[in-house]
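Here's the structure we're looking at; comments come further down.
The values are calculated or read from the model by the stated rules, or taken from the named source; none is laboratory data. Since this is a predicted model, take the numbers as computed values, not measurements. Ideal geometry is used to build each Cβ from the backbone, glycine not excepted, and the neighbour counts take in all protein chains shown.
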Amino acid sequence: MKLLERLVKGKKYLVFIDLEGTQMTSEMIEIGAYVATLNRDGTIKKVDNGFSSYVKATTPIGKFVRDLTGIDEKTLRTKGIPFVEAMSQFRKYLSKYWGECNFITFGNNDLRIISQSYLHSPGADPEIEATINKRYIDYASFISQFMKDEKGNPMSLSHYLDAFKIDFQGKKHNASADAYNLMLLYKAFYEKIDIVAEYYKKAISRHPALPQPLKKVASILSEGKGVSPEEWEELIRGTFE
């Protein structure tokens with residue numbers, strides 16, 4: 001698919017990554033990632049076993065994040081590692097892919113978590129942050145061009161999976177599970193293009209920048225009906241009445 005080929009920009013590997021961060025300072029408390037090997041057209045050939053780690057933060061997690069993720073201070077104290085070490089292990093995990101991969105996130109909050117974590121842990125290798133910032137792809141922005149909810153708004157990761165009739169794998173707001181489900185969403189875009197097309201027809205008809213006559217035509221066509229030259233003329237003239 002040409003859209004996916006352009007999206008991945010010729011890279012051989014995609015790193016699907018998700019991060020969880022503290023409530024107040026957005027410091028990393030968990031990282032999850034999967035490397036996917038790509039075919040030449042940007043589709044996924046295989047996926048590795050993944051990388052995951054809890055990460056110790058220098059500030060409290062916060063009640064909202066604790067409730068959302070199930071991660072508490074004891075978890076980080078007993079299972080977490082310092083951010084500097086986590087980034088070193090992550091870089092080692094990606095060693096053979098490092099020069100030929102792009103990083104796929106869902107939204108740009110993960111970049112903020114990385115940036116804030118570097119501010120609180122200045123000893124971390126700056127090349128890792130720079131490389132991720134340079135090569136990241138916000139998949140939420142990509143897919144929301146074609147698929148929106150009934151009000152014309154972008155959807156959450158789980159709601160996109162629902163649209164493709166794919167069950168969410170694992171626990172939501174677990175970094176490793178979110179990264180894996182992001183990979184499933186990427187695959188679904190290619191494998192279930194008919195569903196994408198149906199959503200896209202509706203998205204076009206609701207587009208706020210589309211002139212009203214074209215929005216009406218798009219809506220009629222998406223219902224499987226046609227528009228005659230006379231009806232098109234009537235729609236145009238109706239703009240000025």
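Applying the condition of being surrounded by fewer than 17 Cβ atoms within 10 Å (Cβ to Cβ) and in contact (Cβ under 8 Å) with a residue 12 or more places away in the chain to the stretch 125-134 and asking which residue is nearest to Leu184 (Cα to Cα) yields Asn133.
Determine whether Phe51 is under 21 Å from Gln169 (Cβ atoms) and in contact with a Gly (Cβ under 9 Å, 6 or more places away or on another chain). So Phe51 fits the description; yes. Apart from one condition, Tyr54 fits all of (1) free of Cβ contacts under 8 Å to residues at least 40 places away in the same chain; (2) in contact with a helix residue (DSSP H, G or I) (Cβ under 9 Å, 6 or more places away or on another chain); (3) closer than 27 Å to Lys12 by Cα; (4) not in a loop (DSSP other than H, G, I, E, B); the exception is (3). Regarding Asn109, is this residue in contact with a Lys or Arg (Cβ under 7 Å, 6 or more places away or on another chain) and closer than 27 Å to Thr37 by Cα? Considered against the rule, which asks whether it is in contact with a Lys or Arg (Cβ under 7 Å, 6 or more places away or on another chain) and closer than 27 Å to Thr37 by Cα, Asn109 comes out as no. Only one of the numbered conditions (1) surrounded by fewer than 16 Cβ atoms within 10 Å (Cβ to Cβ); (2) not assigned by TED's automatic domain parsing to the domain that holds Tyr34 is violated by Lys215, and that is (1).
The residues of the stretch 186-241 that are among the hydrophobic types (A, V, I, L, M, F, W, C), part of a helix (DSSP H, G or I) and within 20 Å of Pro154 (Cα to Cα), listed by number, are Ala188, Phe189, Ile193, Ile195, Val196, Ala197, Ala203, Ile204, Ala218.
Residues of the stretch 86-124 that are in a loop (DSSP other than H, G, I, E, B) and in contact (Cβ under 8 Å) with a residue 40 or more places away in the chain: Leu94, Tyr97, Phe106, Ser121, Ala124. Among the residues of the stretch 176-185, is there at least one that is at negative phi, at pLDDT 90 or above and not in a helix (DSSP H, G or I)? There is no residue in the stretch 176-185 that is at negative phi, at pLDDT 90 or above and not in a helix (DSSP H, G or I). Screening Thr105, Thr58, Thr69 for residues that are more than 13 Å from Leu19 (Cα to Cα) and in the same structural domain as Leu185 (by TED's automatic domain parsing) leaves exactly one candidate, Thr58. Under the condition of being buried (at least 19 other Cβ atoms within 10 Å of the Cβ), farther than 30 Å from Leu3 by Cβ and of a type outside the set (D, E, K, R), the residues counted in the stretch 28-75 number 10.
Considering Ile132, Ile137, Ile143, Ile195, the condition of being within 28 Å of Asn39 (Cβ to Cβ), modelled with pLDDT of 90 or more, more than 15 Å from the chain's Cα centre (by Cα) and hydrophobic (A, V, I, L, M, F, W, C) is satisfied by Ile195 alone.
Please work out if Lys192 is surrounded by 14 or more Cβ atoms within 10 Å (Cβ to Cβ), charged (D, E, K, R), within 21 Å of Gln145 (Cβ to Cβ) and not assigned by TED's automatic domain parsing to the domain that holds Gly152. So Lys192 does not fit the description; no.
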